[in-house]
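So the structure is just underneath, and the comments pick up after that.
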Amino acid sequence: MGDHRDFELNEAGWWSYWAQLEWVGTEGYILYSNEFHEPLFNHAGVLLPNLDPKVFVLHVEEFYSGVGLPASFMVEDSVDYHELNQTLSSKGYEKADTLSVMMLDGPLNRVNSDVRVLVADRALADVWSEVYVSAFDEDPSLLGSVKRIVSTAVGNPNVRLLLGVIGDTPCGVTALFTHNGYTGAYCVGTLRGQRRVGVATTLLSYAARYAENLNTKLILQTFTADNVEGFYKKLGFRKTYTKNVWVKHL
Ligand SMILES: CC(C)(COP(=O)(O)OP(=O)(O)OC[C@H]1O[C@@H](n2cnc3c(N)ncnc32)[C@H](O)[C@@H]1OP(=O)(O)O)[C@@H](O)C(=O)NCCC(=O)NCCS
């Protein structure tokens, strides 16, 4: 429980580079994309629990139906959101996964000195995109879309795109998005061939210093199904709250 508005705003802010963002009043939002099909890019969420759940769900369903996409929701798993979670369950939505929202509790400074951290500028934006698509096993046909998105994001002062390089080989990525006292780490990925040598740990150590220098808290969100929560815990991240990912199988 607690006010997680700024956590949620950070997430919506970062993914609004990737998907279209529509507000439902001031406390609800809808992300949708015709290019990326996962719930991450196609879900509705709420910033505070003071919306009428039934009205909100109906509004969101009508919206997604209007754009021809399936509705999904990400809703905090807490008593404050009990009614909204219940409404979704009773309308036939199923919990497809959960998202852990985590925050770094203390200092993090574990680096592999063979890993150089570069801040991607326009010239490196395409390389960042290539590593991202490969590390996340995305459909290669999405590379053009990712490049377009990243070329827009790279110029924003709130955004920092990190590239981990070993020797001359770019092998890991992380995106940082700062807003209202929080720096969110997104797209943490390492190429399969270079995993378990500390690339992600080195990038997140950089992220921790960066967040601290801006006097912000470093946060991230991770799907339970990806099975990396334990990795983040070992680095000092603590679970702040959980969100249910509700989807409807038609
Ligand atoms: C999760 C992921 C980013 C980790 O990247 P990585 O560069 O392999 O991470 P690191 O090498 O820093 O650490 C990973 C593990 O290697 C271990 N490790 C780090 N350096 C090591 C070394 N020199 N020798 C042996 N093991 C090492 C770490 O302790 C950690 O162990 P754990 O898995 O038991 O916790 C990577 O597996 C990945 O890209 N997965 C797919 C995308 C994804 O799911 N991203 C998360 C989105 S939230």
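Within segment 97-146, the residues that satisfy the criterion of being of a type outside the set (Asp, Glu), more than 10 Å from the ligand (Cβ to nearest atom), touching a residue at least 60 places away in the same chain (Cβ under 8 Å) and assigned to a strand (DSSP E or B) are THR98, VAL101, MET103, LEU104, VAL117.
Considering (1) open to solvent by 90 Å² or more (accessible area, probe 1.4 Å); (2) on the phi < 0 side of the Ramachandran plot; (3) not assigned by TED's automatic domain parsing to the domain that holds VAL55, the lone condition that ASP137 does not fulfil carries the number (2).
The values are calculated or read from the model by the stated rules, or taken from the named source; none is laboratory data. Note that the structure is a prediction, hence the values are computed from the model and not measured. So basically every Cβ, Gly included, is an ideal-geometry build from the backbone, and we count neighbours across all protein chains shown. Ligands, DNA and RNA are stripped out before the accessible areas are found, and what is left, the full protein with its side chains, is counted by its heavy atoms. Shrake-Rupley method; radii C 1.70, N 1.55, O 1.52, S 1.80 Å.
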